[in-house]
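One structure below.
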Amino acid sequence: MSLRSRLRAADAVSIGTAGIRARRTRSILSALGIAIAIAALVAVQGVAESSKRQLLDELGRQGNLLTVATGQTFDGRPTPLPLTAQAMIARIPPVLATTAVGNIDGATVRRTDRIPPQNTNGIIVLAAQPSLPATLSARMLRGSYLGAVAEQYPETVLGYSAARSLGIDRLDAQTQVFIAGRYFTVIGVLDRVDVAPEIDTAALVSFGVADRWFGLGGVPTRIYLRVHPDRVAAVAAVLGPTAYPENPRNVQVQRPSDLIVARLQAKNAFVGLFLALGAIALLIAGVGIANIMVISVLERRAEIGLRRALGARRRDVAAQFLLESALLAVVGGLAGLGLGCLATLVAARLAGNPTAIPPKTLLAGLAAALLVGTLAGLYPAARAARLPPADALRTL
């Protein structure tokens with residue numbers, strides 16, 4: 001009775017890594033394709049999750065914010081609300097805070113009076129109350145907000161997009177903009193206000209200055225209010241009759257957090273697309289490993305024949321090449337996980353989002369690499385196992 005070799009697990013790993021160690025450059029290039037694909041998959045999922053976490057946090061903070069406005073005129077200008085609207089809304093028991101803005105019709109904002117009036121960059125002028133930052137949870141990017149001095153003197157606070165359009169990236173005593181025929185000192189720049197995009201493209205002045213110089217008359221065109229989180233729907237139902245008893249149907253009540261929900265849905269759609277592209281890249285990397293392994297089988301025919309002649313079984317030869325292919329993919333997968341985590345961290349920091357990488361994404365990435373490596377090695381392993389020892393030894 002002939003004795004057949006028995007391949008132990010430790011020996012299988014040693015033999016499987018021997019081919020990788022002997023051809024390091026080729027192995028690195030083969031694993032690099034898997035690493036790039038896994039890094040792309042992890043980064044897409046991680047960046048999307050980080051952005052989603054930020055949006056969910058924002059949704060939690062802004063879910064109880066409502067806005068009240070009326071319609072628009074034929075030229076697109078907002079129509080005013082009654083003077084009593086804000087005071088009446090503030091009397092609703094679940095309402096926690098209110099603030100109002102008033103649109104100043106025909107007012108343009110330019111860097112200097114030398115710029116043609118038609119070059120407004122879409123910037124509007126709004127009268128705003130001191131309670132606006134607290135009610136909208138807005139923070140100052142630079143400088144300070146409108147205070148008591150701004151009620152008497154020409155001072156303005158720019159929204160984030162308005163400041164960028166005007167090229168204002170720093171503030172000093174000489175930083176001014178030309179608003180409706182007067183120079184206003186820029187005392188502050190607001191950060192992005194996602195739930196109120198109209199603030200981002202506006203130059204804010206006080207109601208006192210707007211009433212005295214632009215004839216606004218204290219009339220608001222939009223009211224923002226914070227409501228008890230459990231009473232948002234109930235308050236929204238009575239805002240129309242409360243703000244405008246004579247014509248409640250003309251009042252538009254909106255929940256700005258719906259914009260955040262829409263952005264979440266849009267991000268999820270794009271994530272699916274990018275994950276599909278990453279999966280295609282992973283498939284291509286697997287084909288590359290399979291190609292390299294087939295070449296390796298042809299180059300190592302003598303080694304295969306010698307092992308078979310010394311008693312190695314077909315399954316042992318197949319296990320050697322299958323393990324080698326899987327190890328290449330796992331090494332590339334581990335490198336890809338590290339690169340993907342690093343890319344997610346950098347992207348989240350640059351965007352100002354919290355870093356969030358789901359653990360299941362890491363496990364799925366490593367499992368995908370192992371699966372692709374195993375599938376890529378099936379054909380080369382089977383080909384090596386079927387190679388007749390006599391034919392293989394002729395290459396010696």
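Annotation: R23 carries an accessible surface of approximately 70 Å², with a 1.4 Å probe and no ligand, DNA or RNA atoms counted.
With both labels modelled 7 Å from their Cα along Cα-to-Cβ, the T112 to S144 distance reads 2.9 nm. F274 to R164: FRET efficiency via 1/(1 + (r/R0)^6), r the Cβ-Cβ distance, R0 25 Å, to the nearest 0.05? Efficiency, from the Cβ-Cβ distance: 0.35. Here the 3J(HN,Hα) profile of region 332-349, calculated from phi with Karplus coefficients 6.51, -1.76 and 1.60 at θ = phi - 60°, is x, x, 5, 5, x, 4, x, 5, x, 5, 5, 5, 5, 4, 5, 5, 5, 5 Hz, Gly and Pro shown as x. Ordering A128, L171, V149 by the projection of their Cα atoms onto the charge dipole of region 120-201, which places +1 on the Cβ of Lys and Arg and -1 on the Cβ of Asp and Glu, puts L171 at the extreme positive end. Assuming charge only on the beta carbon of Lys and Arg (+1) and of Asp and Glu (-1), the dipole of region 95-216 about its Cα centre is about 280 debye to the nearest 20. Note that region 266-380 presents 50 Å² accessible area per residue, ligands and nucleic acids not counted, probe 1.4 Å. Ranked by the mean number of other Cβ atoms within 10 Å of their residues, highest first, the peptides 80-89, 351-360 come out as 80-89, 351-360. Using the average count of surrounding beta-carbon atoms within 10 Å as a protection proxy, the listed peptides 144-157, 187-200, 33-46 rank, highest first, as 33-46, 187-200, 144-157. Projecting label points 7 angstrom from Cα along Cα→Cβ for E246 and R24 puts them 8.6 nm apart.
Electrostatic bookkeeping for F214 treats Lys and Arg as +1 and Asp and Glu as -1; over the other residues with beta carbon under 12 Å from its beta carbon, the sum is 0. In the neighborhood of V101, defined by Cβ-to-Cβ distances under 10 Å, what is the net charge if each Lys or Arg adds +1 and each Asp or Glu adds -1? Net of charged neighbours comes to 0. Once all protein chains are placed together, R231 keeps about 120 Å² accessible to a 1.4 angstrom probe.
Heavy atoms of the protein chains alone define the surface here; on that basis region 118-205 has 43 Å² accessible area per residue at 1.4 Å probe size. Residues whose amide H comes within less than 5 Å of that of Q252, counting only those at least five positions distant or on another chain, are A69, T70 (H built at 1.01 Å from N in the peptide plane).
Specify whether the C-alpha gyration tensor of region 192-262 places it in the rounded, prolate or oblate class, a ≥ b ≥ c being the square roots of the eigenvalues: rounded for a/c under 1.5, otherwise prolate if a/b is larger than b/c and oblate if not. Because a/c hits 1.5 or more and a/b fails to exceed b/c, region 192-262 counts as oblate.
Taking every DSSP beta bridge that has both ends in region 119-250, the antiparallel portion is near 50%. Here the label points at S137 and N121, each 7 Å from Cα along the C-beta direction, are separated by 2.9 nm in the simple model. Amide H contacts of L141 (H built 1.01 Å from N, in plane; Pro and chain starts excluded): V189, L190, D191 sit under 5 Å, all sequence-distant by 5 or more or on other chains.
Give me the percent of Cα-Cα pairs in region 144-215 that sit more than 17 Å apart, rounded to a whole number.
40 percent
Close amide H partners of L96, meaning residues 5 or more places away or on another chain with modelled amide H under 5 Å apart, are R226, V227, H228.
The values are calculated or read from the model by the stated rules, or taken from the named source; none is laboratory data. Being a predicted model, the structure only gives us computed values, none of them experimental. All Cβ positions, even for glycine, are placed from backbone atoms using ideal geometry, and neighbour counts span all protein chains on display. Quick note on the areas: whole protein, heavy atoms, side chains included, nothing else; ligands and nucleic acids left out. Shrake-Rupley method; radii C 1.70, N 1.55, O 1.52, S 1.80 Å.
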